[in-house]
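Novice: Handing you a structure now.
Just so it is clear, none of the values below were taken in a lab; they were calculated from the coordinates. Being a predicted model, the structure only gives us computed values, none of them experimental. Because the Cβ atoms are built from the backbone with ideal geometry, glycine has one as well, and the counts that use them run over all protein chains shown.
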There are 2 protein chains.
Amino acid sequence: MSDLAVTPVGRVESPLTDRATAPRQGDEGAPPAWLVFAEQYADALSHLEPGAGLLILTWLDRADRSVLQVRPRGDATRPLTGVFSTRSADRPNPIGLHRVTVLAVDGLRIQVADLEALDGTPILDVKPVLEARGER
Amino acid sequence: MSDLAVTPVGRVESPLTDRATAPRQGDEGAPPAWLVFAEQYADALSHLEPGAGLLILTWLDRADRSVLQVRPRGDATRPLTGVFSTRSADRPNPIGLHRVTVLAVDGLRIQVADLEALDGTPILDVKPVLEARGER
């Protein structure tokens, strides 16, 4: 199967710079961060408002794509497990999935809570958290 | 920002072949489907078991990547909305996100419920649904 090309639509600005000390999940102590979008995607940002729950898809550019099995959460007492059963950043296509809440909107910059991605991480996509079926 | 290369790890086998008639979300009537993985990713599949809740990331290869705004759910009475506030397949990086449940595991083939992706759709990644914090 041939490769597909994804184009980053923006980047993360965050005080987190070191994978070893960043929280493993956004609700485990991540600081507020900014999503900074390229100007050509401005129209795609319309209707984003503070309080919205979003899913951010990123490209975990410091991951090892050759890894197929890991010990979950780096715990040496846990068995080697296929990465498709874990949230390891190391995986064939290191696409990060992050549940965040919008804190502020300032043009092409969106401030969010609970994002554990490192500073400079490319952003691939933004999706709303799905509402209950009757409200879609 | 320069393009990134993603490599499909498998493909969807589904009776769904037509975007116009497929359900818009997996819990809106999608039939069972198979995820069929390339052999080199076999180790990444270990520990996947029936009953597991998974998030499947796909490449929506029939999407229009030039679209930045849509009317949600194709409803002409709703305002044009930035695609980052919708689940439209048409978006700059058409990565599909699907919440499914494993029905059966047969080597490189995983049968799942509630997948609305079309037959032949490339699979990019598989992640477990996150458990409550104490069970990670």
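Novice: Let me know the charge dipole size of the protein assembly as shown about its Cα centre in debye, to the nearest 20, where only the beta-carbon of Lys, Arg (+1) and Asp, Glu (-1) is charged.
Specialist: So the magnitude is around 180 debye.
Novice: Could you work out which residue, out of B:99, B:78, B:91, moves most in a Gaussian network model of chain B, that is, has the largest mean-square fluctuation with Cα springs under 10 Å?
Specialist: Result: B:78 has the largest fluctuation of those listed.
Novice: In peptide A:85-92, what is the residue-averaged number of other protein chain Cβ atoms found within 10 Å of each Cβ?
Specialist: Average neighbour count from other chains, rounded to a whole number: 5.
Novice: Still on this structure, I have one more. In chain B, with Lys and Arg counted as +1 and Asp and Glu as -1 at Cβ, which of these residues, B:126, B:79, B:96, has the Cα nearest the positive end of the dipole, that is, farthest along it?
Specialist: With unit charges placed on the Cβ atoms, the residue in question is B:79.
Novice: Let me ask you something else. What is the antiparallel percent of DSSP beta bridges lying wholly in the protein assembly as shown, to the nearest 5?
Specialist: Counting DSSP beta bridges with both partners in the protein assembly as shown, the antiparallel share is about 100 percent.
Novice: Next up: For the range B:28-85, calculate the relative contact order in percent as a whole number, restricting contacts to Cα pairs under 8 Å that are 6 or more residues apart.
Specialist: Relative contact order for the range B:28-85 comes out at 18 percent.
Novice: If you keep only loop residues by DSSP, which chymotrypsin sites (Phe, Trp or Tyr not before Pro) in the range A:4-79 have at most 14 other Cβ atoms within 10 Å of their Cβ?
Specialist: The qualifying sites: there are none.
Novice: What is the antiparallel percent of DSSP beta bridges lying wholly in the range B:10-128, to the nearest 5?
Specialist: DSSP beta bridges in the range B:10-128 are roughly 100 percent antiparallel.
Novice: Follow-up. For chain A, what log10 I(q)/I(0) values come out of the Debye formula at q = 0.14, 0.20, 0.21, 0.22 1/Å, with one point per alpha carbon and no solvent?
Specialist: Cα-only, vacuum Debye calculation for chain A: -0.69, -1.22, -1.30, -1.37.
Novice: Taking amide H positions as placed in the peptide plane 1.01 Å from N, state which residues far from residue B:81 in sequence (5 or more) or on other chains have amide H under 5 Å from it.
Specialist: Amide H neighbours of residue B:81, under 5 Å, 5+ apart: B:70, B:71.
Novice: Can you give me the convex hull volume of the Cα atoms of the protein assembly as shown, divided per residue and expressed in Å³?
Specialist: Convex hull volume per residue, Cα atoms: 131 Å³.
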